[in-house]
Amino acid sequence: MKANTENIPGLLPQFTFSEGEGMVKDNRGQAGTGFRPVIGLVTLVVLSLITVSVEAEIFTLVDGTQILGELVHYYNQNFEIKTEAGLLTLPREKVITISFEKRQVSKEFATPEETFKTWLKAIKANDLDKMTQCYGLVYQNIFAMQMKEVSAQERQEIFEIFLSDSLKIIGTETKDNATMLQLEFEENGKTETVWLKFLNEAGEWKMYPP
């Protein structure tokens, strides 16, 4: 039997794009200024570092969302940005700043498996900041806001299936530029499986909707 991560509240917000409004809404109907969040980005947090550095162009939007990409063109008050998922066109009024930085890569996110381990550790410790860092950068702002609306106990209940002693990785699969981890766990006497998706954000692997 296969569990669907889209049905796990708070795991990853599902976004839809509203044409002409320049807004994104999550699966709870909440809106934030932005774009379709299926692009490769890099986290801004530097933790346990390894000797790998990457150059990053980070676009900060009016709602605090941040994007990593390569600026290709600027025309008609729009930025055209090259991302891992393709070209993104972003209205100038949605961008507050653009920073050009050389960043270090954290070993906590060096592989999908390491990111998954970091995420599990953060869940067990109720460490919201570290949990947030495990997601794709475009998801971090809205995920943190959602999780701050619930108590620490409620967060534990949301991610309860990932606290099971029976939880283990049973397989990996590569799709385009993404790596999928297949997890297995026991629930109510039944064996369940779930897939988690990871994308490489300039050297660090972060979680995205499957």
remark   = L87 meets each of (1) in contact with an Asp or Glu (Cβ under 9 Å, 6 or more places away or on another chain); (2) modelled with pLDDT of 85 or more; (3) over 16 Å from L137 (Cβ atoms); (4) among the hydrophobic types (A, V, I, L, M, F, W, C) with one exception, condition (2)
ask   = Any idea which residue in region 119-176 is modelled with the highest pLDDT, counting only those that are within 12 Å of the chain's Cα centre (by Cα) and not in a helix (DSSP H, G or I)?
value = C134
query = So, of the residues in region 177-194 that are within 17 Å of the chain's Cα centre (by Cα) and surrounded by fewer than 17 Cβ atoms within 10 Å (Cβ to Cβ), which turns out to be nearest to L120 (Cα to Cα)?
reply = M180
query = Listed residues L163, L199; which is closer than 29 Å to V105 by Cα, touching a residue at least 24 places away in the same chain (Cβ under 8 Å) and surrounded by 15 or more Cβ atoms within 10 Å (Cβ to Cβ)?
reply = L199
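Residue-by-condition table, conditions (1) closer than 15 Å to W205 by Cβ; (2) without any contact (Cβ under 8 Å) to a residue 60 or more places away in the chain; (3) touching a Phe, Trp or Tyr at 6+ places or on another chain (Cβ under 7 Å); (4) surrounded by fewer than 17 Cβ atoms within 10 Å (Cβ to Cβ):
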site	(1), (2), (3), (4)
L71	no, yes, yes, yes
I96	no, yes, no, yes
S106	yes, no, no, no
F116	yes, no, no, no
R155	no, no, no, no
K175	yes, yes, no, yes
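The values are calculated or read from the model by the stated rules, or taken from the named source; none is laboratory data. Predicted model only: the values in this text are computed from it and were never measured. Positions of Cβ are backbone-derived with ideal geometry, glycine not excepted, and every protein chain shown enters the neighbour counts.
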